[in-house]
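Colleague: Below you'll find the structure I mean.
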């Protein structure tokens, strides 16, 4: 009975974190993580992670993005969900999650989108701040385009670093 409970708990915990992986691949576990954080983890960081993973895969860049929130909503915003689906992303199971110190420590790079991290003074890792991103609820396409432009620049930067270290 104890083994059944442990197996059930493991499956439940795996289900809770399911939405944070915007793409699944066998090599994702070894890929360095790019951590995108916005206040609610329900729109801007979600879009950034989705497009980062898509573009990194297209470029053959071995990085993987996840999204988190400093004050997460319980679900993706309706505008972000509709827009991502329209953009051909399968958002089933994606759920905002509270950012943790472990998320930050384990990330290769941390990017905040129009938010401040709590307890920022105790974080030793460099943090890239993307500010001035339009609200997704006002106009998904405008917000998405602003985010994708920044994601593309990050991909170029990581590609250059990746080629230098080869």
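Colleague: Suppose each label sits 7 Å from its Cα in the direction of the beta carbon; what would the residue 108-residue 142 distance come out to in nanometres?
Modeller: Label-label distance for residue 108 and residue 142, simple model: 3.4 nm.
Colleague: Beyond 15 Å, how much of the Cα-Cα pair distribution for the range 98-166 remains, as a whole percent? Can you show the working numbers first?
Modeller: Details: 1466 of 2346 pairs.
The share of Cα pairs beyond 15 Å in the range 98-166 comes to 62 percent.
Colleague: Here is a follow-up. Calculate the radius of gyration of the Cα atoms of the range 20-165 to one decimal place, then report Dmax, the largest Cα-Cα distance, as a whole number, both in Å.
Modeller: For the range 20-165, the Cα radius of gyration and maximum Cα-Cα distance read 14.1, 41 Å.
Colleague: Suppose R0 equals 35 Å. What FRET efficiency, 1/(1 + (r/R0)^6) with r the Cβ-Cβ distance, do residue 149 and residue 123 give to the nearest 0.05? Before the final figure, lay out each step's value.
Modeller: Working: r = 26 Å, r/R0 = 0.74.
The value I calculate is 0.85.
Colleague: Which value in nm describes the separation of the simple spin-label points at residue 62 and residue 157, placed 7 Å from the Cα toward the beta carbon?
Modeller: 2.2 nm
Colleague: For the range 80-129, evaluate the Debye formula with one uniform point scatterer on each Cα (no solvent term) and list log10 I(q)/I(0) at q = 0.21, 0.26, 0.29, 0.30 Å⁻¹, rounded to two decimals.
Modeller: -0.85, -1.00, -1.11, -1.16
Quick note: the coordinates plus some simple rules give every number you see, no bench work behind them. As the structure is a prediction and not an experimental result, all values here were calculated from the model. Note that we place each Cβ from the backbone using ideal geometry, even for glycine, and neighbour counts take in every protein chain shown.
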